[in-house]
Amino acid sequence: MRGCSHPLDDRPPESVFLLLDPDAGPQERRRLVSWVEGMLPWLNWRSHVFVLEDARSSILEHGQSGGLEVAEQLAGVASRFLGEHEFATLYLHPSMTVRSWDARQWVPWDRLLAPAKPFQTRAYRELGEARLFISPILTLDQNVSAGEALEAAEFFHSRFSTPSFYIPGKVPEGLINEAGNCGIRFYVDPGAGGIAPQLWVNHVFETVLDRFGEDGGELLAPCGGHVVVDERSGGLFSCFRQWEEGKPSTSWNVGDFQLPDPAAQGPCPECIGRSLLSMRESLVVNDREKEARQVYFEAARAFSTRKDYRMAADLARHAFELSDQDEDRAAALVQEGLCHLNSGELEKAEKVLELASTYPVDQGLVAFHRGQIQFAWRDYIEALDRFEEALESGSEHVPVEDICFQMALCHINIEEYPDARRYLERCLKPGRKVVPVFYLGVCDLGEGRVESAMAHFLEALRMGPAREDLSRVLFNIGTCLKDLGRIDEAIDVLEKAVEVDPEDLANHNLLGFCYYKTKMHQRAVDCFLRAVEINPCSAIDWANLGSNLRDLGRIDEAVAMYKKAHSLDPTIEFVRVNLARLTKVLEESDG
Amino acid sequence: MRVLLVDFNPFMPPVTPISLGNLGAVLKALGHQVRILSLGSTSRFSPQRLLAFLKGYKPRVTGFGTYQRNIHHVRALAGMVKQVLHDSVVVLGGPQATFLPDAALSIMPEIDYVSRGEGELTIRTIVEAVEGGRGEGPIAGVTLRARDGACITGASTEPPADLDAYPSPWLTGVLDPAALEESIMLTSRGCPNDCCFCYTPAAFERRTRSQSVERVLEDITWVCRRGTGHLWFADPNFSYCERRVVGILEGILSKGLKVEMWVETRADMLTPPLISLMKEAGVRSVAMGLESASPNVYPALNKGIDPEEIGCAARAAIEAGLDVELFSQYALPGETVDDAMKTLNFVKDCGVQIKGNSNAQQMQLYFGSKLHSDFRKHGVRPLREDFPSFLSIGTQFETDWMSRAEIEQVGNVWLAESLDGGKRVVS
């Protein structure tokens, strides 16, 4: 928002969806209308009231008119309310059925629109806004032709009312082409799920679209702007999702209107994502591809930030398909590719990014991410080619240090330590950083230069590694100390590593080994037990358990551990030898 | 005394209520309690909540910023104030009020006073008169309705030559930049030029008054420290005095303030050195009034500046990396459809994108402008004779050169060229 917040803002509902019960009697209807009248002053000063005759069913029964009567009564109620509150504006949207060649239906339509006329007259006289807008949502009865539908639309247009069409299933031929030119909105519902769900997803889309104009507005925040009133259940719901789940905030038919608690809406991102995805057909039919692309793309980014990569990828795909500019298509593809990459769908990621590379896009960025895919596949040679490509492109979007770091990791994985060191040094040109320094140590260690490795790891430790990296740094210092024969010091460091990350198997394994070397077998046993708890398939840790139990004189248990290790990996030589020897010992003692 | 000041534009998102803030600062300095409501199209509030607010705050005086488009909503809110608070007085201020015909007051029972003079002075005289029980007599700078229904206009007021005489809405805490994404600054008033379509020459008698460089810098420093540093200068002619504008920009630089600014200026002031200084100081966008690029049209507007000069300034600013907006209008006196198209092409040829304030708008006839005072002489034909007296002709006209349909046609051509669907910010 560019201006001031104001003290009146209690986030009143802007839209009310009244879901009528077709079986309601006149008395119940009067009560509902009266309740709505009491609710109007609590709504936003500019609000929409939808009167939906049959919320779930897509096809309304022939001749059904109960909803129209309610709408008529509500139009009267709205007229009175607006007369008392002359700064307010109300849009009334009754759902109505258009029947084939039945001019009699125009009589109640005229009656419905009558309360808006004085507002139109005054607006004309005083050059103002009409303030009461009755804009029906028309559903076509069976056998209604496109021509008849347009005639119905013209009926409303000529009375300064803008209708829309709810179209379940197949769209009548010619209707959209002809009516689209008149600015009529369509709610297209290929699955014929019902008018309320259609309005639900539309509402979500419009809410998200509005948020683009709000500085700092969170795209996936609760809608918060609508309430659903279900006449059948008597429930007042804080949103459609709550209605679908049957979780009313309160009951509408007890006492005065109470605003439902928006906090009761629950997790909204999933609802927003699902709604947006189901909107596509309607948006295309309404010639709103441009807005749709924008919403899908921004929503994809928002979901990506939340690490909901599947939803983000789907939305990005829609953004791609609805784009008519190559730049937009490329951006959507990169977004989608990244989502697949982050969710581990590597083949999809590669396919999408390969396609992205055929568009006018930052080729270096695409190459970089394709390199990451190859890296994840452990094809380090191919990954290096991609990263090299990214490096040569001079991309503005990928820092050179990031590319060099990835290249260094590739070289480390194929044990080309001098090359790795060269790229790590480039990463360090702008200034020394923990991670490249750490990997310099890894290179040293790979080349057997333990002293130099430890110097790098200690430097990394002094620089204050991130919490998630601390355990790795300590582990490597422990490794160096162990290799240098400074086992007691190694134990001190590794105990800290275990404290920092008790879930890292390698820490337990190495600490257990150090205990073994210092003949603290019981402590070693504890370490290896924790290791096999973390990974029950770790043959070497079962074997280490065996060796320590053996040295503790617990031969039966040692044999059992060796057997376990052997079953998991029969190639470990000392397991095979010890198992044979100890089995013999046991047999001899039994004998 | 409790005073409520309201700005309600139902057709645009709310903006910093800088003018009401200025009034609020004056009242606060006099020891009055002031609340300001800035409401717009995206503001959410229910009638019930508004009612509760009014009953709770109980303002003795309620003032409204009024212009052509919001007057219906202002009247409705005023009616609500009167209904709830019988002894509250309602004041109309703003551009619509300055030259509002007296006859309008007689058909607006919900309005007590119409502010004709400078708001800072008239709000003070009104509050003092109401407080002293003199609210029914003549009040300087104000028109009121007497008990017999006649309109009484008090003596005119003489505004101070130096705007530093008024307290700052920022420094007094009446407006809080921390609550704003963008702060509007108003550091000078009036314009020495005499454009026939503009209300400003009559309202300010072609005099220009301004705050000192020091005062402007003091406000900017505070706003930047508390807010975002996004500044939008609402001065009708920010760079009318080169020495002053250079002082402000150099002051921003020497204080090391991080700002992004939007300013409106005349093209003849926009020299290459000034453009360079603007860019360095943080001006991101400059807006200039073009109005029309057709030689058949612009001489009669009294703008006194050649479109070619505007074009040169626009290109130079764009080249320097500034965003440029050109204000233009259509349905001007003497303008045919072809002339209007020349303007559109001129804007495009300058390299200015058709969006935001560069979306043209139909000329509007407001109370106080030369065009409105003598519209027939300028070939303007109102579409009706029976305008309510509180409304000026606005856009409800055609001209001797363009029919209503042609005016709409020109509007549609501009809309088709627009990159943002015609979302203009400034009217």
Any idea how far the Cα center of segment B:345-372 sits from the one of segment B:88-109, in Å?
-> 28
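Taking each residue of B:181-187 in turn, how many C-beta atoms of other protein chains fall within 10 Å of its C-beta, and what is the average?
Working: counts 6, 4, 2, 2, 0, 0, 0.
Average neighbour count from other chains, rounded to a whole number: 2.
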Which whole-Hz ³J(HN,Hα) couplings does segment A:401-411 yield from phi under the Karplus relation 6.51 cos²θ - 1.76 cosθ + 1.60, θ = phi - 60°, glycine and proline marked x?
-> 4, 5, 5, 4, 5, 4, 5, 4, 4, 4, 4
Would you please state the base-10 log of I(q)/I(0) at q = 0.14 1/Å for segment A:432-591, with intensities from the Debye formula using one equal scatterer on every alpha carbon?
-> -0.73
Starting from the Kirkwood radius over alpha-carbon pairs of segment A:300-438, derive D by Stokes-Einstein at 37 °C in a medium of 0.692 mPa s and give it in µm² s⁻¹.
-> 212
Assigned charges on the beta-carbon of Lys, Arg, Asp, Glu; chain B dipole about Cα centre (debye) = 1360
How many angstrom lie between the C-alpha centres of segment B:254-300 and segment A:93-145?
-> 50
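In terms of the ratio Rg/(2.2 N^0.38 Å) built on C-alpha atoms, what value belongs to segment B:173-227? Don't skip to the end; give the middle numbers.
Working: Rg = 14.5 Å, N = 55, 2.2 N^0.38 = 10.1 Å.
Taking N as the residue count of segment B:173-227, the ratio is 1.44.
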For A:HIS48, which sequence-distant residues (separation of 5 or more, or a different chain) have an amide H within less than 5 Å of its own amide H, given hydrogens modelled in the peptide plane?
-> A:SER15, A:VAL16, A:TYR91
Roughly how tilted is helix A:555-568, in degrees to the nearest 10 and between 0 and 90, from the longest Cα axis of chain A?
-> 60
Those residues of segment B:70-87 for which accessible area with every protein chain present is at least 50 Å² below the isolated value (1.4 Å probe) | B:HIS72, B:HIS73, B:ALA76
Relative contact order (percent) for segment B:157-308, with alpha-carbon contacts under 8 angstrom and 6 or more residues of separation?
-> 23
Any chance you could look up the accessible area of A:GLU499 with a 1.4 Å probe, heavy atoms only, rounded to 10 Å²?
-> 150
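With every protein chain left in place, what is the accessible area per residue of chain A in square angstrom, probe 1.4 Å?
Numbers: 26830 Å² over 591 residues.
Here the residues of chain A average 45 Å² of exposed surface.
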Rh (Kirkwood, all Cα-Cα pairs) for segment B:118-252, Å, reads 17.1
Which residues of segment B:49-68 show a drop of at least 10 Å² in accessible area when all protein chains are present, compared with their chain alone (probe radius 1.4 Å, heavy atoms only, ligands and nucleic acids excluded)?
-> B:ARG49, B:LEU50, B:PHE53
Which residues' amide hydrogens lie under 5 Å from the amide hydrogen of A:THR97, considering only partners 5 or more residues apart or on another chain, with H built in the peptide plane?
-> A:THR139
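Under the Kirkwood approximation applied to all pairs of distinct alpha-carbon atoms, what is the hydrodynamic radius of the protein assembly as shown in Å?
Details: mean 1/r = 0.0291 Å⁻¹.
Final number for the Kirkwood radius of the protein assembly as shown is 34.4 Å.
With the Cα gyration tensor of segment A:412-485 in hand, convert its eigenvalues to equivalent ellipsoid semi-axes via √(5λ) and list them largest first in whole Å.
Working: eigenvalues 62, 53, 19 Å².
Square roots of five times the eigenvalues give 18, 16, 10 Å.
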Normalised by the residues of chain B, what does the relative contact order come to in percent, with Cα pairs under 8 Å and at least six apart?
-> 11
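Average projected area of the Cα convex hull of segment A:151-240, in nm²? Please report the intermediate quantities before stating the final value.
Working: hull surface 32.9 nm².
Reported value for the Cα convex hull: 8.2 nm².
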Distance from segment B:1-57 to segment B:159-194 (C-alpha centre basis), Å | 17
For B:TYR330, residues with placed amide H under 5 Å, excluding near neighbours | B:GLN361, B:GLN362, B:MET363
Over the protein assembly as shown, what is the percentage of antiparallel beta bridges among all DSSP beta bridges, to the nearest 5?
-> 20
If you roll a 1.4 Å probe over the protein assembly as shown with all protein chains in place, what percent of the accessible area is carbon or sulfur?
-> 50
Roll a 1.4 Å probe over the protein heavy atoms and report the accessible area of A:SER567 in Å², nearest 10.
-> 90
Karplus-derived HN-Hα couplings along segment B:124-135 (A = 6.51, B = -1.76, C = 1.60, θ = phi - 60°), whole Hz, x at Gly and Pro | 5, 5, 5, 4, 5, 5, 5, 5, x, x, 10, x
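Please report, to one decimal in angstroms, the Kirkwood hydrodynamic radius of chain A built from all distinct Cα-Cα pairs. Numbers along the way, then the final one.
Numbers: mean 1/r = 0.0335 Å⁻¹.
For chain A, inverting the mean 1/r across all distinct Cα pairs yields 29.8 Å.
Which value, to two decimals, describes the C-alpha radius of gyration of segment B:100-156 once divided by 2.2 N^0.38 Å?
On the way: Rg = 10.4 Å, N = 57, 2.2 N^0.38 = 10.2 Å.
Dividing the Cα Rg of segment B:100-156 by 2.2 N^0.38 Å gives 1.02.
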Relative to the longest principal Cα axis of chain A, at what angle does helix A:66-84 sit, 0 to 90 degrees, rounded to 10?
-> 90
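How crowded by other chains is A:128-137, given as the mean number of beta carbons from other chains within 10 Å of each beta carbon? Before the final figure, lay out the partial values.
On the way: counts 8, 5, 0, 3, 0, 0, 0, 0, 0, 0.
The shielding value for this peptide is 2.
Above 26 angstrom, tally the Cα pairs of segment B:225-365 and express them as a % of all pairs, no decimals. Let's see the in-between values first.
Numbers: 2486 of 9870 pairs.
Value for segment B:225-365 (Cα pairs over 26 Å): 25 percent.
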How big a patch of accessible area, both sides summed and in Å² to the nearest 100, lies buried between A and B at a 1.4 Å probe?
-> 3400
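Let a ≥ b ≥ c be the square roots of the eigenvalues of the Cα gyration tensor of chain B; is it rounded (a/c under 1.5), or, if not, prolate (a/b larger than b/c) or oblate?
oblate
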Counting pairs of Cα atoms in segment B:59-100, how many percent are more than 15 Å apart?
-> 37
Degrees between helix A:146-157 axis and first principal axis of chain A (Cα, 0 to 90, nearest 10) | 70
Divide, for segment B:291-349, the radius of gyration over alpha carbons by 2.2 N^0.38 Å, where N is the residue count.
-> 1.12
Of all the Cα-Cα pairs you can form in segment B:1-119, what percent are over 20 Å apart?
-> 38
Any residues in segment A:82-124 that have 40 Å² or more less accessible area with all protein chains than in their chain alone, probe 1.4 Å, and which are they?
-> A:PHE87
The ratio Rg/Rh over the Cα atoms of segment A:478-539, Rh being the Kirkwood inverse mean 1/r radius, stands at 0.95
To the nearest 10 Å², what's A:MET463's accessible area with a 1.4 Å probe?
-> 70
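The values are calculated or read from the model by the stated rules, or taken from the named source; none is laboratory data. All figures in this text were calculated on a predicted structure; none of them were measured in a lab. Backbone-built Cβ (ideal geometry, glycine too); neighbour counts: all protein chains shown. Note: areas computed on protein heavy atoms with side chains; ligands, DNA, RNA excluded. Shrake-Rupley method; radii C 1.70, N 1.55, O 1.52, S 1.80 Å.
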